[in-house]
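J.: Dumping the structure here so I can ask a few things about it.
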Amino acid sequence: MMNKGPGWSLEDIAYQDIDRSRLAGHADWFGLLAASSFVEILSDLYARNLAEYYAGDDDLCAWLTQKWEKEEMQHGRALRRYVETVWPDFDWERGFAGFRAQYGPYCQTALLGPTRTLEMAARCVVETGTASFYTMIHDLSPEPVLTTLAGHIRNDEVGHYKGFYHYYRRYQDRESHSRWRVGRELWRRVAEIDSEDAYLAVRNAYQVRYPQQPFEPADFRAFRSRISGWMREAYPFPMAVKMLLKPLSLPPAVHRLVAPMLIGAARGVVALSR
Ligand SMILES: [Fe+2]
Ligand SMILES: [Fe+2]
């Protein structure tokens, strides 16, 4: 795998040209971008755990630390600078410190697995999620500098998916789990996507910016249902489903049958979560 670092840098982003008026008054954009910067910048923790779990696989560990982690950290730094430019009164450090303290304990090597192949399949799910998410941000962004930034990040996330998929194939050649077993793992990880980290990241961002307003689970549900509206408009469901199914290497005829059903089901789930 290619281990060279990111193909772009913060210098490529025209922060000085940001049109603040397009976003400054939108609390949902603030919450989404600040939360994303928190989650991305915690990648040093995820990378450490993964390198520990895959100890001995030097090729994978080199890719993880020299390519993957560097790019994820850069996503975090680039988003942080974007958020601080549009919302200069936001104390990013304080919000992130809260998030790290609360979410850090959930990131443990013991929670990875259950096998090296299946953890790689799970990483493919995560990167499918991020690639799709930044595609949506890119397409919905009302502010041109954010559009450019989201495009860079989206391309990296697609690259991460390809990297993890490459290693998934290598491990699967040795461990050869059944399609059924891999499918169950993919499903389990899809169901988990919406769990702790998003809630804690959004809550810590809001609590620091709006200290007078409590942020309860009900507020998060309301936030999520507004984001579901964005998803109905711009989430790349066909791309996400194609990426999700790839580790199963379904026969083409089965794929043609299953993919549209899943795309429809995913759209249905989002439509229901108003
Ligand atoms: Fe990322
Ligand atoms: Fe990624």
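J.: What are the pairs with Cβ atoms under 6 angstrom where one residue, in segment 210-235, is touching a residue at least 60 places away in the same chain (Cβ under 8 Å) and the other, located anywhere, is among the hydrophobic types (A, V, I, L, M, F, W, C)? Sequence gap at least six, or different chains.
T.: Pairs that qualify, where the first residue is touching a residue at least 60 places away in the same chain (Cβ under 8 Å) and the partner is among the hydrophobic types (A, V, I, L, M, F, W, C), are Trp230/Leu140; Met231/Val270; Ala234/Met136; Ala234/Leu140; Tyr235/Met136.
J.: Can you tell me which residues in segment 138-164 are of a type in the set (Phe, Trp, Tyr) and away from ligand 2 (no atom under 14 Å from the Cβ)?
T.: none
J.: What helices (runs of 4 or more DSSP H) completely inside segment 102-207 contain at least 1 residues that are open to solvent by 40 Å² or more (accessible area, probe 1.4 Å), under 25 Å from Phe223 (Cβ atoms) and within 16 Å of ligand 1 (Cβ to nearest atom)?
T.: So the answer is 116-140, 144-175.
J.: Applying the selection to segment 86-101, what residues are assigned to a helix (DSSP H, G or I) and either within 15 Å of ligand 1 (Cβ to nearest atom) or in contact (Cβ under 8 Å) with a residue 40 or more places away in the chain (or both)?
T.: Val86, Trp92, Arg94, Gly95, Phe96, Gly98, Phe99, Arg100
J.: Another question about this same structure. Residues in segment 208-249 that are over 16 Å from Val125 (Cβ atoms) and of a type outside the set (Val, Ile, Thr): how many?
T.: 26
Here is a yes/no grid of residues against (1) under 19 Å from Glu69 (Cβ atoms); (2) within 16 Å of ligand 2 (Cβ to nearest atom):
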| residue | (1), (2) |
| --- | --- |
| Met136 | no, yes |
| His166 | yes, yes |
| Glu196 | no, no |
| Leu200 | no, no |
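The values are calculated or read from the model by the stated rules, or taken from the named source; none is laboratory data. Since the model is a prediction, treat every value here as computed from it, not as a measurement. Reconstructed Cβ throughout: ideal geometry from the backbone, glycine too, with neighbour counts over all protein chains shown. Just the protein is used for accessible areas: all its heavy atoms, side chains included, with ligands, DNA and RNA removed. Shrake-Rupley method; radii C 1.70, N 1.55, O 1.52, S 1.80 Å.
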